[in-house]
1. Cβ contacts < 8 Å: first residue away from ligand 2 (no atom under 16 Å from the Cβ), restricted to segment 245-263; second residue among the β-branched types (Val, Ile, Thr) and part of a loop (DSSP other than H, G, I, E, B), any location; separation 6+ or different chain. Result?
2. Somewhere in segment 37-50, is a residue more than 25 Å from the chain's Cα centre (by Cα) and at pLDDT below 95?
3. Which members of segment 41-69 meet the condition of being touching a Leu at 6+ places or on another chain (Cβ under 7 Å), open to solvent by less than 10 Å² (accessible area, probe 1.4 Å) and under 21 Å from TYR283 (Cα atoms)?
4. Identify the residue in segment 73-102 that is farther than 18 Å from LEU143 by Cα and without any contact (Cβ under 8 Å) to a residue 60 or more places away in the chain and, among all such residues, is least open to solvent (accessible area, probe 1.4 Å).
5. Scan segment 374-389 and report the pairs whose first residue is crowded, with 24+ Cβ neighbours inside 10 Å and whose second residue is at pLDDT below 95 and part of a loop (DSSP other than H, G, I, E, B), with Cβ atoms within less than 6 Å and a gap of 6+ or a chain change.
6. Check PRO289 against each of (1) within 16 Å of ligand 1 (Cβ to nearest atom); (2) closer than 18 Å to ARG31 by Cα; (3) not β-branched (Val, Ile, Thr) and name the one condition it does not meet.
7. Give me the residue from segment 4-40 that is touching a residue at least 40 places away in the same chain (Cβ under 8 Å) and in contact with a Ser or Thr (Cβ under 7 Å, 6 or more places away or on another chain) and, out of that set, least open to solvent (accessible area, probe 1.4 Å).
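The values are calculated or read from the model by the stated rules, or taken from the named source; none is laboratory data. Owing to the predicted nature of the structure, the values given are computational and were not obtained by experimental measurement. Ideal geometry is used to build each Cβ from the backbone, glycine not excepted, and the neighbour counts take in all protein chains shown. SASA here: full protein model, heavy atoms, side chains in, ligands and nucleic acids out. Shrake-Rupley method; radii C 1.70, N 1.55, O 1.52, S 1.80 Å.
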Amino acid sequence: MHSADPDLAAAVAAILTHHRHDATRLVQILREVMQQRGYLPPATLTQIASALHLSRAHVEGVAGFYAFFSCHSQGRFRVLFSDNITDQMCGSHELQRRMLDAFRIELGEVSRDGLVSVGRTSCTGLCDQGPALLVNGRAIARLTPARIGALSALIRGGQPVTEWPENLFTIDSHIRRRDRLLSTPLLPGEGIRAAISRGRDATLAEIKRSDLRGRGGAGFATATKWDACQKAPGPTRFVVCNADEGEPGTFKDRELLTHHAQQVIEGMSVAAFVIGAQRGLIYLRGEYPFLIEPLEAVLAARRAQGLLGRAVAGAPDFDFDIELHVGAGAYVCGEESALLESLEGKRGIPRNRPPYPVTHGYQGKPTVVNNVETLLAAAHIAKQGGAWFRSVGTSKSAGTKILSISGDVAHPGTYEFPFGVSMRHILEEAGARDVQAVQVGGPSGVLLASHELERKLAFEDVPSAGAFMVFDRSRDILSVVDNFTRFFAHESCGFCTPCRVGTTLNQQIMGRVVSGHGSRRDVKDLIRVSRLLKTASHCGLGTTASNPITDALAKFRPSFDRRLASMDVLPAFDLDEALAPAREVTARDDAAAHFSEPETTS
Ligand SMILES: Cc1cc2nc3c(=O)[nH]c(=O)nc-3n(C[C@H](O)[C@H](O)[C@H](O)COP(=O)(O)O)c2cc1C
Ligand code: SF4
């Protein structure tokens, strides 16, 4: 079936050819059509399905999964304000109002003339320079009323975003503290040459000696992961760099890929050499399109230097190359198995595990998935040796951790600290005052109160995937929790009942509490929903989605109690009853799908 618009059909055909009619590139193909057209018309979905030999339902399912795709026109200019709490703290809601008033529209609406729509998106990874927004996918930071006025004028003028002044799109860099990884030079090829001359097993032994643990959140031992992948049966293996960085408050991978991309790619090459991979994939979050060209340039330069492609660094049996994939606005795609699904051109639904990616990863083949920072560390370890890395940190947390610090601090930015540093020290260096709370590791991490500032940054005490958001005493902690709760409800992929329903209920109940209409019964329900999410969710998004609520209830209970309208009002609805339709749809009626334990009859 042909598109009603022959020009669009021809453009889509060219995109399909560029991607070799490869169905695993479906997310990339849809991204490019979005860029050209602003939405995905029905005829285009049919054209893509037929060209890739996929069902129309599959293509539509993928198109409907990712927040940055739309099957309806969102106007010639689609503006999405970053909605992290740190953006809000810098006044993003007031700026949104200004823009909405300028075009006489409401949030999520397209203007009558089809010119513009204004909406919200989860954190855009620019918390050190917020408030921020995306316009037709391009990021603009450091918003002020004057900037909003200028943007509104440009939109009204109708000039394509590609013709707007380039300085509008400048992303600042704030690396404020460098330690072992960020201050040690590593020239292109130095890590991989050292690995080749040392040999596969000896390089793996150095990674083991370093005690390097994954920096993406779970803290899994990198050497164990690489070893398991190396030993998995079959000739084909993959290395994946997880650059999805979707956790609100995290932006350190953006800085690492801006200033240390060579070294991250060096780390991917070392991993490939150790496990015997031929292909690597970088999964870059869709909010960072400004990194696509620079990353492609680094890959091209390495190919020209003989550091990617055939016989890497002169090693006759080592052929390895890397391709770039770009996400499309789905936090869950940072979860490694969802990321693999997305890389295969599917919806980012987390897989059942086991089996794990090390044996059944990309396209069912053994795959190592590592965070950007883990790969950067591996590249340095290949050159400097494990002992060099191990010599800083604590007994259970070797090396350093790179943090993204934002919120109420004088110097927001990226900081590298040795593990073991206290929260108080970090806060002092970042210029924090009058601290009420710190959210370490993003909404899925831990909320610390001011009496906990002697605690240490370490896997064994306060672990962090990178985010470090600071709230002073002027901030309303319930609004912070409310923001995080809405984030999880928005980002739940909807695959499993406890998370789909639980995150929505948390959002509704927190909304009531924060607006002063909650009751003591609501607080009890929050606790029950949280328990359900933690124990019955399919993936890490659901199991951690209640962390902000449980932490805040444990540490900031008076803030809740002060806000409750009446301590004894009965709830407006029955939570277990609210779950009934979801139980029916998913054919689940076990204890975990209920809010209260079913009564035993014995
Ligand atoms: C909902 C969710 C989102 C995640 N997002 C990321 C991410 O953006 N970047 C990342 O490296 N790991 C993320 N992870 C962790 C990955 O699943 C995985 O553990 C990690 O990429 C492994 O790399 P590492 O061993 O180097 O830490 C996420 C996990 C979950 C459950
Ligand atoms: S826990 Fe949430 S995000 Fe994870 S699979 Fe279930 S619905 Fe999806």
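1. ARG254/ILE171; THR258/ILE171
2. Checked against the condition, which is being more than 25 Å from the chain's Cα centre (by Cα) and at pLDDT below 95, segment 37-50 yields at least one hit.
3. Answer for segment 41-69, where residues must be touching a Leu at 6+ places or on another chain (Cβ under 7 Å), open to solvent by less than 10 Å² (accessible area, probe 1.4 Å) and under 21 Å from TYR283 (Cα atoms): VAL59, VAL62, ALA63.
4. The residue in question is GLY75.
5. So the pair list comes out empty.
6. (1) is the only condition that PRO289 fails.
7. Among those that are touching a residue at least 40 places away in the same chain (Cβ under 8 Å) and in contact with a Ser or Thr (Cβ under 7 Å, 6 or more places away or on another chain), it is VAL27.
Rundown of residues vs (1) within 16 Å of ligand 2 (Cβ to nearest atom); (2) without any contact (Cβ under 8 Å) to a residue 12 or more places away in the chain; (3) not aromatic (Phe, Trp, Tyr), yes/no style:
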residue	(1), (2), (3)
VAL270	no, no, yes
PRO289	no, no, yes
LEU295	no, no, yes
ALA300	no, yes, yes
PHE320	no, no, no
ALA330	yes, no, yes
